[in-house]
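Chemist: I'd like to ask you about the structure that follows.
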Amino acid sequence: MEFEYWWLLAIPLAFGLGWVASRREGRLDERPATMGNAYFRGVNLLLNEQSDKAIDAFVDVVRIEPEASELHFALGSLFRRRGETDRAIRVHQNLVDRPDLDDRTRAHALYELGLDFLKAGLVDRAEDSFNRLQGTEYAEAASRQRLEIAQRSHDWERVVDLARATPAEPGFDPKLIIAQASCELAMAALRARQFDKAHQFVEQAQQALPDHPRPLVVEGEIALAEGQPAAAIEAWTRLADKHPEQVERVVDHWLKAADAVGGDEGVRLAIARLQQLDVAQAPEMLRAMSEAISRLDGKAAAAQWVRQLVNKHPTLSGLQVLLSLSRRGDKNGPATVEDLDEDALAATLRKLTQRMSHYGCRVCGFRGQQYYWQCPGCGRWDSYGPRPGEESVS
């Protein structure tokens, strides 16, 4: 906390040095003494950790010297970063309420005030501040903040509308947001069994971003729910061709659709297709296919296939699946020493895999065992994926 307060002091100190320099250059008239008194009173109050009174003192500085509004912005931003949103709001509200403020500075203050409200969780007031910035040079930045609010509240239709009205810039792709929000709308329509609407939203997603994998994932889910397993397999085959890393999302339903289309032979064909993928050793792929092979051809056949994969790509989840398929004891009979050893090893592997974070965000570092299209940590789309080498034991 002491370190942060010294940074807080650095801003008014820098301002004071600038004031001294400008005084030497003769750019100030009779105001220096009054302005200096207000400034040093603010510094003294900060030194005594009386932040609220310090704000009043620096308000006097700005009243005496209107060009000192940057001091307000610096203080407000520092308060917000420290989590003192009530003080940040007060600083920026003081600027907004000043009748003599020029339009550009007022818009800047209003934008900062919106950020304060957002940090404080006052979403309605934040959105009101951002809405008032239409027609100003902060309109685009405010639009992105409104878009962020809509995403947080999962108002996907509004997300689509706002993303369409927000221009792209480095690090911000509105087409990606439109595609993902459209897929969210499609999944909601699917859950409501509104299949026509679901298809329309998938088409909307594909129009926004034709090469994105998620519309193919959702397209197959809709087809399967409609009782068209062959169409589901066709969509997911295209997914495997273009984005094999995403097949793990649908492997269980792919095998289900294959069974509906061709029974055991259909499942065998699906397994053969899936085994050709480089991601066959991914945890969910390994689990789903080993279960299917075990059902069709027995545990020994499934164990042989898993063993081949584990020999090539040793992973903890692979070892766990292999051990579960290779258990020697009779569950209904007395346990042997070998069974007890296997039980202990299986329990150890299970705990290890449960503690591992299979997925991670490349932007904020958030980790988890479940896959998300949108990172729960930072809210970025498509930044969350498998963590290379997390399970490897080689």
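Chemist: Can you tell me how many residues within the range 211-225 are surrounded by fewer than 15 Cβ atoms within 10 Å (Cβ to Cβ) and over 16 Å from Trp381 (Cα atoms)?
Modeler: Looking only at the range 211-225, we keep the residues that are surrounded by fewer than 15 Cβ atoms within 10 Å (Cβ to Cβ), and these are 211.
Still in the running and over 16 Å from Trp381 (Cα atoms): none.
Qualifying residue count, the range 211-225: 0.
Chemist: How many residues does the range 267-309 hold that are under 14 Å from Thr237 (Cα atoms) and either free of Cβ contacts under 8 Å to residues at least 12 places away in the same chain or not aliphatic (A, V, I, L, M) (or both)?
Modeler: Total meeting the criteria: 5.
Chemist: Does the range 313-331 include one or more residues that are touching a helix residue (DSSP H, G or I) at 6+ places or on another chain (Cβ under 6 Å), among the hydroxyl-bearing types (Ser, Thr, Tyr) and crowded, with 21+ Cβ neighbours inside 10 Å?
Modeler: yes
Chemist: So, in the range 185-214, exactly how many residues are among the basic types (Lys, Arg) and in a loop (DSSP other than H, G, I, E, B)?
Modeler: Summing the residues that are among the basic types (Lys, Arg) and in a loop (DSSP other than H, G, I, E, B) in the range 185-214 gives 1.
Chemist: Here is a follow-up. Return the total of residues in the range 215-252 being part of a helix (DSSP H, G or I) and either more than 26 Å from the chain's Cα centre (by Cα) or of a type in the set (A, V, I, L, M) (or both).
Modeler: First, pick out the residues of the range 215-252 that are part of a helix (DSSP H, G or I): 215-225, 229-242, 244-249, 251-252.
Cutting the leftovers down to either more than 26 Å from the chain's Cα centre (by Cα) or of a type in the set (A, V, I, L, M) (or both) gives us 216-218, 222-225, 229-235, 237-241, 247, 251.
Number of matching residues: 21.
Chemist: Ok, one more. Is it the case, given these coordinates, that Met289 is within 30 Å of Asp173 (Cβ to Cβ), modelled with pLDDT of 75 or more and part of a helix (DSSP H, G or I)? It would help to see each step written out before you state the result.
Modeler: Details: within 30 Å of Asp173 (Cβ to Cβ): no; modelled with pLDDT of 75 or more: yes; part of a helix (DSSP H, G or I): yes.
It is false that Met289 is within 30 Å of Asp173 (Cβ to Cβ), modelled with pLDDT of 75 or more and part of a helix (DSSP H, G or I).
Chemist: Could you please give the count of residues in the range 165-210 that are within 19 Å of Ala141 (Cβ to Cβ) and over 20 Å from the mean Cα position of the chain (by Cα)?
Modeler: Adding up the residues that qualify gives 2.
Chemist: How many residues are closer than 17 Å to Leu316 by Cβ, at pLDDT 85 or above and in contact with a Lys or Arg (Cβ under 8 Å, 6 or more places away or on another chain) if we restrict to the range 339-394?
Modeler: 3
Chemist: Looking only at the range 74-97, which residues are in contact with a helix residue (DSSP H, G or I) (Cβ under 8 Å, 6 or more places away or on another chain) and basic (Lys, Arg)?
Modeler: Arg80, Arg82, Arg87, Arg90
Chemist: When you look at Glu284, is it modelled with pLDDT of 85 or more and either in a loop (DSSP other than H, G, I, E, B) or out of contact with any helix residue (DSSP H, G or I) (no Cβ under 6 Å at 6 or more places or on another chain) (or both), yes or no? I'd like the intermediate steps shown before the answer.
Modeler: Numbers: modelled with pLDDT of 85 or more: yes; either in a loop (DSSP other than H, G, I, E, B) or out of contact with any helix residue (DSSP H, G or I) (no Cβ under 6 Å at 6 or more places or on another chain) (or both): no.
Considered against the rule, which asks whether it is modelled with pLDDT of 85 or more and either in a loop (DSSP other than H, G, I, E, B) or out of contact with any helix residue (DSSP H, G or I) (no Cβ under 6 Å at 6 or more places or on another chain) (or both), Glu284 comes out as no.
Chemist: Out of Val267, Val261, Val247, Val279, which single residue is hydrophobic (A, V, I, L, M, F, W, C), at pLDDT below 95 and either surrounded by 15 or more Cβ atoms within 10 Å (Cβ to Cβ) or closer than 25 Å to Glu203 by Cα (or both)?
Modeler: Values: Val267 fails: at pLDDT below 95; Val261 fails: at pLDDT below 95; Val247 fails: at pLDDT below 95.
Of the residues listed, the single one that is hydrophobic (A, V, I, L, M, F, W, C), at pLDDT below 95 and either surrounded by 15 or more Cβ atoms within 10 Å (Cβ to Cβ) or closer than 25 Å to Glu203 by Cα (or both) is Val279.
Chemist: Okay, next question. Report yes if some residue within the range 262-277 is outside any helix (DSSP H, G or I) and among the aliphatic types (A, V, I, L, M); otherwise report no. Walk me through it before giving the result.
Modeler: Taking the range 262-277 first, the residues outside any helix (DSSP H, G or I) are 276-277.
Next cut, among the aliphatic types (A, V, I, L, M) only: 277.
The answer is yes, given that some residue of the range 262-277 is outside any helix (DSSP H, G or I) and among the aliphatic types (A, V, I, L, M).
The values are calculated or read from the model by the stated rules, or taken from the named source; none is laboratory data. Model, not experiment: these values are computed from the prediction. Glycine also receives a Cβ, built like all others from the backbone with ideal geometry; neighbour counts cover every protein chain displayed.
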